[in-house]
Amino acid sequence: MRKLKLTIGIVAIAFITVTAVSCKDAKKEQNTSDGNHSEMNHDNSDGHHDGESKKMAMNGDGASQAILNDYFNLKDALVADDNVKAKNLGATLAKSLGNLDVSNYSDAKKADLKDIIEDAVEHSEHISKNDIDHQREHFKILSKDVTDMVAITGTTTKLYEQFCPMFDGGSAWLSMNEEVTNPYYGSKMLKCGKVQREIN
């Protein structure tokens, strides 16, 4: 039994080491040769990259812009490893999500937005009540919800969809800045990731 525990411990340490080194290698690869890094295959099966999403309306209404502002503040709190601030901002974001008026959209888009908002509110509320590791797990799904919302509501500013290959099998998030600051690892691996696409 002692041998088994020792073996499991060694395997766990080896996995953590490989994970950290992989991200550093990905960073080096990105810095030295963007050509190599851009050949990485990302799974775009979620539909964000189809022709329809490229035709996003650019008239993002006030409520959707407020949601984006709260989302970016939350992202910055996670980048800064600030659990308490992220909790407060999770609660703020849940409220602004609840204020989104979907009445001006077609029936199909209304239904999609209601589903997206309901899911996003749930994850924002989880963020408002949990430790930072758990917050980051919910932020991954929240980021997908906000990206899906933007595909329908549009945005008045250029956004960058960024991607970290290391967190939870690969995770995306939105940013207003092209420079990568990673909300999933914060100070541990601040620059791990790359710009996946621009949304404008």
Original post:
For the residue pair Ala63 and Ile141, what label-to-label distance in nm results when each label sits 7 Å from Cα along the Cα-to-beta-carbon direction?
Top reply: 2.3 nm
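Please sort 143-151, 104-112 by packing, taking for each peptide the average over its residues of neighbouring beta carbons within 10 angstrom, highest first.
Details: 143-151: 22.4, 104-112: 12.1.
Ranked from most to least packed, the peptides come out as 143-151, 104-112.
Need one word for segment 57-157: rounded, prolate or oblate. Basis is the Cα gyration tensor (sqrt eigenvalues a ≥ b ≥ c); a/c below 1.5 gives rounded, then a/b vs b/c decides. Intermediate values should be presented prior to the final figure.
Details: a/c = 2.29, a/b = 1.83, b/c = 1.26.
Since a/c reaches 1.5 and a/b is larger than b/c, the shape of segment 57-157 is classed as prolate.
Taking the Cβ of Asp76 as the centre, find all other residues whose Cβ is under 10 Å away and add up their charges (Lys, Arg: +1; Asp, Glu: -1).
On the way: positive: Lys75, Lys85; negative: Asp82.
Around Asp76, the charge tally is +1.
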Subject >> Low-density loop positions, GluC sites (Glu not before Pro), segment 101-200 - DSSP coil, at most 10 other Cβ in 10 Å >> reply: Glu178, Glu179
Original post:
Given a Förster radius of 25 Å and the C-beta distance between Asp168 and Asn104 as r, what FRET efficiency does 1/(1 + (r/R0)^6) yield to the nearest 0.05?
Top reply: 0.10
**OP:** Taking 7 Å along the Cα-to-C-beta vector as the label spot, tell me the Thr157-Glu122 distance in nanometres, rounded to one decimal.
**Re:** 3.0 nm
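Any read-out appearing in this document is the output of simple, stated calculations on the displayed coordinates, not a laboratory observation. Quantities reported herein were computed from a predicted structural model and do not represent experimental measurements. Please note: Cβ atoms are built from the backbone with ideal geometry, for glycine as well, and neighbour counts cover all protein chains shown.
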